[in-house]
1. Which value in deg cm²/dmol, rounded to the nearest 500, describes the helix-derived mean residue ellipticity at 222 nm for the protein assembly as shown, given -39,500 (n - 2.57) per DSSP H run of n ≥ 4 and division by the residue count?
2. Provide a whole-number value for the mean count of partner chain Cβ atoms within 10 Å of the Cβ atoms in peptide B:53-62.
3. Check which residues have an amide H placed less than 5 Å from B:ARG317's amide H, if you skip close sequence neighbours.
4. A:GLU28 versus B:GLN12, label points 7 Å from Cα toward the beta carbon: distance in nm?
5. With all pairs of different alpha carbon atoms counted, what Kirkwood hydrodynamic radius in Å does the protein assembly as shown show?
6. Would you look at the GNM of chain A, springs on alpha carbons closer than 10 Å, and say which of A:THR21, A:THR225, A:THR109 moves the most?
7. Sort the following peptides by mean Cβ neighbour count (other Cβ atoms within 10 Å, averaged over residues), highest first: B:205-214, B:96-105.
8. Hey, can you grab everything whose amide H is under 5 Å from the amide H of A:VAL125? Only 5+ residues off in sequence or another chain; H modelled, so Pro and N-termini drop out.
Amino acid sequence: MLKIMSFASHALSNLFHKPVTRNYPFVERKYPERTRGHIDINVDDCLFCGICAKKCPSDAITVDRASKTWSIDRMGCVQCENCVNSCPKSCLTMANTYSAPDTKAIVDTFQGKVEETSNAGGKIVFSAEGCVYCGLCAKKCPANAITVDRASKTWTINEEECAKCGACVAACPKKCLSQESGEAAKATAGGEVKNDLDVCVFCGLCARKCPQEAITVDRASKTWTINKDECVSCGACVDGCPKKCLTME
Amino acid sequence: MGKRTIVPFGPQHPVLPEPIHLDLVLEDEKVIEAIPSIGFVHRGLESLISKRDFNDYLYVIERTCGICSFMHGMGYCEAVERIFDVEIPDRAKYLRTIWCEMSRLHSHLLWLGLLADAFGFEALFYQCWRMREKILDMFEASTGGRVIFSVNKVGGVLKDMDSAMLKGFVAEFDSMEADVRKLTKVFLKDYTVKSRLKDVGILTKEEAIQLGAVGPMMRASGIELDTRRLGYCAYGDLDFDIITSNDCDSFGRCKVRIEEIFQSFSLIRQAVDKIPEGNIVVPVKGNPDGEAFVRVEQPRGEAIYYVKANGTKFLDRARVRTPTFTNLSPLIKILQGCDYADVPLLILTIDPCISCTER
């Protein structure tokens, strides 16, 4: 008899047991913190470098650098978190809730800031050493924030007026102007990376920072090479350079 | 000799969601021969190797299977790590071991449920899956996914488990073990269950060797072989015996898998006790060049990963030999001479994963 009643204890305990299932939809499920639900983007920080689109195994992400848009096909996303892990600016995050279901494919598009000369850049740093007080920076400044007096050898900047666009840095023939790192790369992102080999110490930090492994640095032979096909102009190398010898054009 | 009939079985069958097709040659109610055909869910995952670089391909290969997704990702990573000749941190090895054993637990509980369903014991089926649900919740809490975990990386793992989480898991497993033990008694002791499993689908030791059976299918025929003994991940530091059975029938396969569940509980406990502190990932730079061959013991048996690299970031080849594929020949053998009603049950005893097999 016992041989055929072996399940009876389970059946009885289930009779007096609370239901194992949740009373959905009245009781919603609490997702753990790590649940890979959907991708969120802080589009203001995005450089539109396109690494996420390249890394996406299901080609769900589309990045348009020209119009500064980042879009994701919610139904195509396989929630592998690869884009989040490879974003050089950490502007992508994984939220623990799922995107709402639909009968049609949902494509969410995020629009980045279009204006080039927003306060996106960093503070302009002036080095008196090397300055010839030519006034080119003042001429190029779109906000007329720079005053140069060749007679008294003074260089002043009106911080309130400065748009931190970096035009003065680019115009300086003596490279005595620079822009503070971090935010600087954002204003200049999207171009070609150039290295000032006179300043470069061939430390190799840029090569380590490069998410695409496009940079090769050889300290012994003092060479710095960049694979332009691999470079996605993300600016991670520029941010990582301790000597500020890397610039983006 | 009665009249012979050919009955098509699958690829869509109410008992078996796995898309395998069999032409069953019947003589009355006895199966004389079974002719298999597969290829209904081929997705061409292996050919995607030419489109994705070796780091991103991980997310493709772990989608080979929804049950052993962790082990597919891990086997591939181990193969690429072998080409690079990098040693991953010890903590990462232990974390991989814990997740491997959790995969084995949920796979075997799923299989027990499916087996109960195949012999018509619906209530038992739901009891097994109820247990499995807890393990999926633990997977979600630790990796972020319930089916596809995406925590592996060439050079280690992406997510860590702190000691509070590990202790919580062990406490959960302790309470679960008592429940599973009570539940598995039904499989091992119940008269009706035994009558469906005992002396059904005999595969002798010689046949198992000859036809290349792997995993619990092989161990249930009395062959003492387990790839975990090779000591990949942290298995070299953990203490475990190879579970075998000399029953050689469906009951033996069921018994081996049940005992492996308890072995997994013990392995997780040992791994949590021994897990060292430290990094979980080492940086891997450059592109792989060379080839590597890795064997991993999946819940269904031994899987083989072969990776060939050419010095660029795109690999030449990434090949998986899945356990189900090798277990198909023994399956055809055990189907010969069985009752027609036992066919779904016998297919289940190899724990088939046709999606794995076809990729």
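Here, each number is a calculation from the coordinates, and none is a lab measurement. Source: prediction; values computed, not measured. Here the Cβ is made from the backbone with ideal geometry for all residues, glycine too, and neighbour counts use every protein chain on show.
1. Helices in the protein assembly as shown give a 222 nm mean residue ellipticity of -10500 deg cm²/dmol.
2. Taking the mean over all residues of the peptide, I get 3.
3. Those lying under 5 Å, H to H, from B:ARG317 are B:LYS308.
4. For the pair A:GLU28/B:GLN12, the computed spacing is 3.6 nm.
5. Kirkwood radius, the protein assembly as shown: 27.9 Å.
6. Most flexible of the set in this elastic network: A:THR21.
7. B:96-105, B:205-214
8. Those lying under 5 Å, H to H, from A:VAL125 are A:SER178, A:GLN179, A:GLU180.
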